[in-house]
Structures are given as C-alpha cells and as structure tokens.
Amino acid sequence: MAPKTVKHRAKPASRSSRPTPRLAARTARKAASVKAVRAVTVGRPAVKGKPLSRREVTELRQVLGQERQRLMAELEAMEEHTPEVEEQVGMDIGGGYDEDLADVASTTFEREKSVALESSVQHVLTQVEEALERIEEGTYGRCLRCGNFIDYARLKVLPYATLCIRCKELEEKTAR
C-alpha cells in the first residue's frame, strides 16, 4: 500500500502578520524602481566602470565650484572691458571720411573676438553649472549616451565631461 500524502491547510493570516500600509507602500515603490531599472537596461550591456566614491565626488564638486568662480570673474572682467571697445567703435564709425578703413576693420575684429571669447566662456560656465546640478541629482559621473561610468581620471582633467572616452571618440568620428 502506498503511503498517504498529507495535505496541509494554510492558516488564515492573522492581523499582526499582514503588512502595514507603510510597508506595502515601501515595497511597491521598491518594485517600481526595480522595474524602471530593468526597463532602462533591457537590451543595453551591463554598466561598465566603477562609480565615484564620496571622496572623489566631493573633490570634483570643489574643483567645479572653483572653476565656476573663475569663469564668473572672467566674464565680469570681459563685461568691464566691453564698454571701452564699444566707445572706441562708436568714435571710429561716427567719425568722418578721414577714418582709416584699416582702423575700423581692426576695431571690428577686436569687438567680434571679444564677443566670441565671452560666448565661449559662457558656454563652459553653463557646462560647469550643469555638472554641479548632476552632482545634486546624483547622476554625476555617468555617460549621457551609454550610461556607463565616466572614468575618474577623465573627470579629474575635465570635471564637466558628459561622455565617457568611448562615446566621445564616436561623437568626434561622426562629426568629421
């Protein structure tokens, strides 16, 4: 004769073993974040590199802050110098026929150079401020294109870098 199998009945859940609403909400949030991470990483290779340590992030935040201050001071100096150039251009253009065309061209060139330099400094300042925002958001040190970690050595040289070396090389090749 075959031995009889015993079926166990599940005990009804008591009130104390039910999850609290707070625990249920936390579990639901955790499950949603896991689903979001899986949705982002499906079809994408595993993240490469290593994340930045707190010490490294703190060091880079300090470097970015110093760079921000330097760029702002440089922009202020340029703005102080700009009125002088504008006054000279106004005098040259406002003059009579005895103005030398070479002088007018030289002044125009200096004004355009000044505007280009100011634009370049403003662009770098914007990149620095965006990097500081990424630190606050917790996304700093990740490549915006592939999601891999950007190497600390690269960030030490260019702390507002948004792409890893591989993606930057690909971008430069396609730009050619």
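What follows draws every value from the coordinates through simple rules; no lab data is involved. This structure is a prediction, so every number in the text was calculated from the model and none was measured. Quick reminder, even Gly has a Cβ in these numbers, built from the backbone with ideal geometry, and neighbours come from all protein chains shown.
Using the Cβ of A175 as centre and a radius below 13 Å, the other residues enclosed give a net charge of 0, where K and R count +1 and D and E count -1.
If R0 equals 35 Å, the separation of the Cβ atoms of T58 and F109 corresponds to a calculated FRET efficiency of about 0.20.
Rounded to the nearest 0.05, what FRET efficiency do H123 and A102 have when you use their Cβ-Cβ distance and R0 = 30 Å?
Numbers: r = 31 Å, r/R0 = 1.05.
The computed FRET efficiency comes out at 0.45.
Measuring against 25 Å, Cα to Cα, the residue pairs K48/K168; K113/K156; K113/K168 contain K113/K156; K113/K168 as the ones spanning a longer distance. Counting other Cβ atoms within 10 Å as a rough exposure proxy, the listed residues C143, C167 run C167, C143 from fewest neighbours to most.
Each of L125, L155 has some number of other Cβ atoms within 10 Å of its Cβ, and from fewest to most they run L125, L155. Residue order for F149, F109, fewest other beta carbons within 10 angstrom first, comes to F109, F149. Among residues other than V121 with Cβ under 13 Å from its Cβ, the summed charge is -3 (Lys and Arg +1, Asp and Glu -1). Extending 7 Å from the Cα toward the beta-carbon at both E79 and Q66 defines two label points whose distance is 2.5 nm.
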